[in-house]
Amino acid sequence: MRTPTLQYLYLQKPVTMVIIICIISVLPWIGLGDFSTKGEPREASVAVSMLETGNWVLPQAYANEFAYKPPMAHWLMAAFSYPQGYVSEFTSRLPSTIAFIILMGCTLVFFGRRIKFQQAFIATLLLLTCIEIHWAAMTTRVDMLLTTFIVLGLYQLFNWEDKLELKGLPIIVPILLGCAVLTKGPVGIILPLFVFGVYLLMLRKYSYLTIFKALLYMGISSLFLPMLWYVAAWKQGGNGFLNVVLAENFGRFFHINSPDINYDLGHENGVWYNFVTLAAGFIPWTIFFFFSIFGLKWQRKEHSFKEILKDTWNRILSMEKEKLFSLVALVCILFFYSIPSSKRSVYLMPAYPFIAIFLAQYALYITEYRTKVTRIFAAFLASVTAVVLIAIGLTMVGVINPVAIVSQYTDRLSTLAKVEAVSNMFSYSCGLTDCIVLVVLAALLTVLYQMFKKINIKILYATIALTFTINLLIDGVIMRGIRQNGSARPFAEQVMKEYPLMNENNMFVMNNLKEYRNLYGLNFYLGNRFHNFEQEMPDGGFLFATKGDMEKIIKNFEGQYTFSILTSSGRIIEEVGQPIILSCFVHDDYNE
């Protein structure tokens with residue numbers, strides 16, 4: 001057993017290495033590319049409002065509407081943006097990136113001290129290269145920050161039981177869980193305490209009363225920080241704020257439609273959805289584990305179903321505490337998010353570190369005892385990468401035209417526009433693109449070399465490195481082209497230049513998600529200046545709407561307003577899937 005000092009020295013270099021890998025993986029790329037989804041500019045606009053109005057408690061987010069979510073992520077966005085005086089794509093994505101780096105480092109430290117180090121190290125590498133976690137680390141959303149606070153809170157709760165046996169009060173836990181609540185609401189306390197409570201029951205070490213007191217004590221202490229904000233927000237927003245809080249946190253969870261909040265419930269899926277999204281979220285490693293199924297040798301045991309269940313239960317109870325805690329965490333998180341009918345893949349992210357531990361253990365077993373599986377997967381990934389690199393090379397020299405090829409299979413304009421944007425990134429190659437392509441090529445050659453040497457553990461590490469470089473290619477080149485193509489920024493710059501009479505007092509939109517599409521990206525690039533048309537019913541001004549919504553608006557307000565279309569974005573704006581129309585309008589009574 002290592003002493004704490006030796007443990008720290010042993011982990012110092014690997015943790016530093018993981019942090020460097022995380023930084024290279026995400027930090028240089030978060031500023032590349034505009035917002036092209038509705039979620040990112042919606043969150044960033046809250047930070048814009050904080051900086052411009054000085055209201056850090058309950059700022060206006062979009063068209064006279066205050067933000068639904070607690071402000072921790074927005075505080076960080078605004079704080080990172082404050083030195084430069086404005087919110088950018090880089091500063092708004094930075095909280096997610098920093099949370100990702102901290103989560104990876106803490107995960108390696110937590111498990112590296114308790115289980116076989118190689119298993120903890122590989123688990124961390126699988127985690128930071130899988131699609132779901134990697135993508136969340138590069139977006140202006142609250143999910144990565146929430147995941148980090150919840151998972152770190154769970155790590156500290158484990159330490160509280162393991163080292164202190166529920167005695168005393170570790171201050172760090174209420175701080176972490178309180179910050180989780182300030183990120184996305186009560187789930188930041190309910191979920192980790194639910195996991196911890198089930199874990200304590202599984203230990204069969206404490207009485208029900210002791211467990212209840214521990215959870216109650218921790219829950220109440222964790223509410224101190226959030227209540228400071230909730231009280232301040234209630235004083236500012238009144239009962240309308242309370243109605244929104246109830247609808248946002250409990251209406252969504254139990255699928256209760258409420259007139260007090262303007263959201264589209266959506267995302268309705270069955271329980272199966274969680275398992276499908278987990279499989280998709282762990283790509284490319286899901287493919288590796290799929291291949292491994294054919295390499296296993298199945299042995300039929302002559303036992304009854306009841307005996308098998310009893311044996312499985314006894315094995316679970318006899319697991320090492322770290323593994324038992326991880327199993328309880330992943331099962332409880334999956335169960336918790338199976339209750340609501342509204343489901344999204346990002347909700348399951350707190351389970352990913354605990355799943356990765358078991359996947360790493362399985363990967364090491366396959367690598368050592370089913371050697372062909374590791375080589376077949378490496379060959380598969382190398383083949384796909386080689387084909388992609390050949391296509392990129394031919395595009396760079398002008399031999400092939402990806403747009404012409406894709407147009408033979410689809411005539412969808414948005415798809416063709418994305419392909420054209422990506423192909424342009426390679427056709428007009430720059431130093432960055434060339435460097436990334438060369439790095440991917442070097443990683444590919446490394447995999448081929450290790451396959452020739454036939455050292456399986458090195459093949460596994462080389463495959464992980466290849467996945468890492470593929471992420472660089474996607475983030476540094478492909479996604480940059482896609483984001484630029486679908487962004488509302490060019491249209492925002494166009495209308496501000498062509499229509500100087502537009503100002504912060506006369507730009508309107510329809511803010512009713514149940515009937516119209518919200519233009520979050522355009523709102524952000526126009527400085528968060530939109531007003532709610534239906535709420536203010538102005539005498540005149542400028543109105544932005546999608547092409548489809550504009551036709552509906554003209555029909556709904558016939559006899560009240562006269563609309564004159566001025567211009568259109570022309571191309572499809574990705575977040576709404578349609579062009580955006582700018583029109584001027586005047587109230588018919590005022591016109592008379």
Any hit, region 156-169, residues being modelled with pLDDT of 95 or more, part of a helix (DSSP H, G or I) and farther than 26 Å from residue 314 by Cα: yes
Only one of 562, 567 that is open to solvent by less than 40 Å² (accessible area, probe 1.4 Å), of a type in the set (Ser, Thr, Tyr) and part of a strand (DSSP E or B): 567
Residue match in region 26-38 (condition: assigned to a helix (DSSP H, G or I) and touching a Cys at 6+ places or on another chain (Cβ under 8 Å)): no
Filter result for residue 471 (at pLDDT below 90 and polar (S, T, N, Q)): no
Enumeration of residues in region 251-306 that are at pLDDT below 80 and under 30 Å from residue 385 (Cβ atoms): 294, 295, 296
Selection count where residues are open to solvent by less than 20 Å² (accessible area, probe 1.4 Å) and within 33 Å of the chain's Cα centre (by Cα), scope region 485-523: 18
So residue 178, is it free of Cβ contacts under 8 Å to residues at least 60 places away in the same chain, touching a helix residue (DSSP H, G or I) at 6+ places or on another chain (Cβ under 8 Å) and on the phi < 0 side of the Ramachandran plot: yes
Residue satisfying all of: in region 538-559; β-branched (Val, Ile, Thr) and part of a helix (DSSP H, G or I); surrounded by the fewest Cβ atoms within 10 Å (Cβ to Cβ) among these: 554
When residues of region 197-209 are limited to those that are part of a helix (DSSP H, G or I) and either among the hydroxyl-bearing types (Ser, Thr, Tyr) or in contact with an Asp or Glu (Cβ under 8 Å, 6 or more places away or on another chain) (or both), the one most open to solvent (accessible area, probe 1.4 Å): 208
Test: residue in region 376-393 that is open to solvent by 40 Å² or more (accessible area, probe 1.4 Å), farther than 23 Å from residue 278 by Cα and outside any helix (DSSP H, G or I): no
Complete set of residues in region 395-433 that are over 27 Å from residue 570 (Cα atoms), of a type in the set (A, V, I, L, M) and either in a helix (DSSP H, G or I) or touching a residue at least 12 places away in the same chain (Cβ under 8 Å) (or both): 396, 432
Extreme residue, surrounded by the fewest Cβ atoms within 10 Å (Cβ to Cβ), among residues of region 434-460 that are under 30 Å from residue 571 (Cα atoms) and touching a Leu at 6+ places or on another chain (Cβ under 8 Å): 436
Where a residue in region 294-316 is closer than 19 Å to residue 369 by Cβ and open to solvent by less than 70 Å² (accessible area, probe 1.4 Å) and its partner, wherever it lies, is at pLDDT 75 or above and not basic (Lys, Arg), with Cβ under 7 Å and at least six apart: 295/366; 295/373
Enumerated helices (runs of 4 or more DSSP H) restricted to region 485-536, each holding at least 3 residues that are farther than 29 Å from residue 417 by Cα and without any contact (Cβ under 8 Å) to a residue 40 or more places away in the chain: none
Cβ pairs under 7 Å, 6+ apart, first in region 322-338 and within 20 Å of residue 276 (Cβ to Cβ), second open to solvent by 20 Å² or more (accessible area, probe 1.4 Å): 330/355; 332/194; 332/198; 336/194; 337/347; 338/271
Number of positions in region 214-235 that are open to solvent by 90 Å² or more (accessible area, probe 1.4 Å) and over 16 Å from residue 189 (Cβ atoms): 2
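The values are calculated or read from the model by the stated rules, or taken from the named source; none is laboratory data. Bear in mind the structure is a predicted one, so any value in this text is a computation, not a measurement. When we count neighbours, we look across all protein chains shown, and the Cβ atoms used for this are built from the backbone with ideal geometry, even at glycine. The protein model used for the area step is the full one, side chains on, heavy atoms only, and it has no ligands, DNA or RNA in it. Shrake-Rupley method; radii C 1.70, N 1.55, O 1.52, S 1.80 Å.
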